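> This structure is in structure tokens; I'll ask about it shortly.
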Amino acid sequence: MISRRWSFKETRLLIKTESEKAVRAAIDAAMRARREIERYALLYPEFRYSLEPVSVRSSELPRIIALMLRAGEIAGVGPFASVAGAIAQVALEASRRTGASNVLIENGGDIALDGKREFSVGIFAGDSPLSGRIGFLMGPRDTPAGICTSAGTVGPSLNFGWADAVVVVADEASISDAAATSISNEVRGEDVENAIGIGLDRAKEIPEIRGC
């Protein structure tokens, strides 16, 4: 596999796949998704700023918009809680359509992966003593999958919780991203054990995820 990095505004991709054609397809899909998101947010500001699910009744939505709206509804958060994971997901789908057998797309820590090999994915949790010491080994039977992280102490994303890292695994990166935000928002308070328990209880309320 080859590795390429690509950045544009807030989108920062790490692309691991088998050919330059697959890399280019991922980048083109990410750019197209960004343009569609920016255009839609300009027309419907609530899509950009709502902290709650936004309901849109239309069969003509761009895929990236439909993914974000659906993820927000599933996790009970605003559509933009899933933006990084959703972009990674459409980039992966485009790369796979070129015939690439193995693809991993990371977008600012949110990951979409699919393939016939094993992938090792580590967890970064800021200053936590567990940062870099926990990870996942994802095999062919585990993919396609999304592995996304939300944190109240690390990163620029809007988050109301205190967790160093809430990591969620789901079939789709858009869903795991939104769910990670939803769960992380619940993890707060001085009683650490209770805060973690509340977060895990929230995770159990989202059947579309595999684990947290």
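> Using Cα pairs under 8 angstrom and six or more residues apart, how large is the relative contact order of the chain, in percent?
Computed over the chain, the figure is 17 percent.
> Roughly what would the spin-label model give for S7 and L42, points 7 Å off Cα along C-beta, in nm?
Result for the modelled spin labels: 2.5 nm.
> Any chance you could run the full-extension gain for E208 through E118? It's 0.36 nm times the residue separation minus the Cα-Cα distance, nm to one decimal.
Stretched out fully, the E208 to E118 stretch lengthens by 30.1 nm.
> Now a separate question. GNM on the chain, C-alpha springs below 10 Å: top fluctuator among L13, L113, L137?
L137
> For segment 53-138, with every protein chain kept in place, what is the accessible area per residue (1.4 Å probe, Å²)?
Working: 3900 Å² over 86 residues.
Counting only protein heavy atoms, the per-residue value for segment 53-138 is 45 Å².
> Which percent of the accessible heavy-atom area of the chain goes to carbon and sulfur, probe 1.4 angstrom?
In the chain, the share of accessible area belonging to carbon and sulfur is 51 percent.
> Using the per-residue mean of other Cβ atoms lying within 10 Å as a proxy for protection, in what order, highest first, do the peptides 63-69, 33-39 fall?
Numbers: 63-69: 22.4, 33-39: 16.4.
Final packing ranking: 63-69, 33-39.
> For K116, give me every one of the lysines with a C-alpha distance below 27 angstrom, ignoring sequence neighbours fewer than eight places off in its own chain.
K16, K21
> Okay, moving on. So how much slack lies between S131 and K21, counting 0.36 nm per residue of separation and subtracting their Cα-Cα distance, in nm?
Working: separation 110, 0.36 × 110 = 39.60 nm, distance 3.41 nm.
Extra length available between S131 and K21 comes to 36.2 nm.
The values are calculated or read from the model by the stated rules, or taken from the named source; none is laboratory data. Note that the structure is a prediction, hence the values are computed from the model and not measured. Every residue, glycine among them, receives a Cβ derived from its backbone with ideal geometry; neighbour counts consider all protein chains shown. Heads up: the accessible areas ignore ligands, DNA and RNA and are worked out on the full protein's heavy atoms, side chains in. Shrake-Rupley method; radii C 1.70, N 1.55, O 1.52, S 1.80 Å.
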